[in-house]
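**Student:** This is the structure, below, for whatever I ask next.
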Amino acid sequence: MIKNLNQLKRALRPGIRLEITEHWNPACIGQQREITLVNTQGFYTKTVNPPDPKINAANEGRGSVIWWGPARAWEFEDGICKSYTRSEHSAETLILAFRISEEAA
């Protein structure tokens, strides 16, 4: 189970699947997403259920990007990883929350 940002950075690699459990855009909740690229700045994902060409075409075909940001902008609890816009963790500052698929965890 992921407990901090360093563990998350080590766990994510291309091919790993995520389930979106919360998102600033309610239409994204429940999406299955696959990691396409991980680098020092963040990670990119694409939708897999069903593939959405409009979303996947963003960011030069790599998919949507999530920036790492500072560790204080992340929260880890019960297998859920949450990213916030700043260190204040509230519903208004939530970017997304996800769970790494069981096969990859």
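**Student:** Would you point out which residue out of 87, 83 is at pLDDT below 90 and of a type in the set (Gly, Ala, Ser)?
**Tutor:** Numbers: 83 fails: at pLDDT below 90.
Every option except 87 fails the conditions.
**Student:** Still on this structure, I have one more. Name every residue in region 74-94 that is over 9 Å from the mean Cα position of the chain (by Cα) and part of a strand (DSSP E or B), in order of residue number. Can you show your working first?
**Tutor:** Filtering region 74-94 down to residues over 9 Å from the mean Cα position of the chain (by Cα) leaves 74-80, 84-94.
Hits for region 74-94 are 74, 75, 76, 77, 80, 84, 94.
**Student:** Still on this model: I'd like to check something: does region 95-102 contain any residue that is without any contact (Cβ under 8 Å) to a residue 24 or more places away in the chain, over 10 Å from the mean Cα position of the chain (by Cα) and part of a strand (DSSP E or B)? Talk me through it step by step, then tell me what you get.
**Tutor:** We begin by selecting, within region 95-102, every residue without any contact (Cβ under 8 Å) to a residue 24 or more places away in the chain; these are 102.
Filter again for over 10 Å from the mean Cα position of the chain (by Cα), leaving 102.
Going one step further and asking which of them are part of a strand (DSSP E or B), we end up with none.
No, region 95-102 has no match at all.
**Student:** If I ask for residues that are in contact (Cβ under 8 Å) with a residue 60 or more places away in the chain and not in a loop (DSSP other than H, G, I, E, B), which ones from region 8-31 would you list?
**Tutor:** 8, 11, 17, 18, 19, 20, 21, 22, 23, 28, listed by residue number.
**Student:** Provide a single number: the residues in region 87-105 that are closer than 21 Å to residue 26 by Cβ and either basic (Lys, Arg) or touching a helix residue (DSSP H, G or I) at 6+ places or on another chain (Cβ under 6 Å) (or both).
**Tutor:** 1
**Student:** Specify the residue that is modelled with the lowest pLDDT; the eligible residues are those in region 60-73 that are exposed (fewer than 15 other Cβ atoms within 10 Å of the Cβ) and part of a loop (DSSP other than H, G, I, E, B).
**Tutor:** In the first step, residues of region 60-73 are kept if they are exposed (fewer than 15 other Cβ atoms within 10 Å of the Cβ); the result is 60-61, 67, 70-72.
Filter once more, so that each one left must be part of a loop (DSSP other than H, G, I, E, B): 60-61, 70.
Values: 60: 49, 61: 55, 70: 93.
Selected residue: 60.
**Student:** Hey, another quick one. When the residues of region 29-50 are filtered to those that are out of contact with any Lys or Arg (no Cβ under 9 Å at 6 or more places or on another chain) and surrounded by 12 or more Cβ atoms within 10 Å (Cβ to Cβ), which remaining residue is modelled with the highest pLDDT?
**Tutor:** Here the answer is 42.
The values are calculated or read from the model by the stated rules, or taken from the named source; none is laboratory data. Values in this document were obtained by computation on a predicted structure and should not be read as measured data. All Cβ positions, glycine included, derive from the backbone under ideal geometry; neighbour counts span all protein chains shown.
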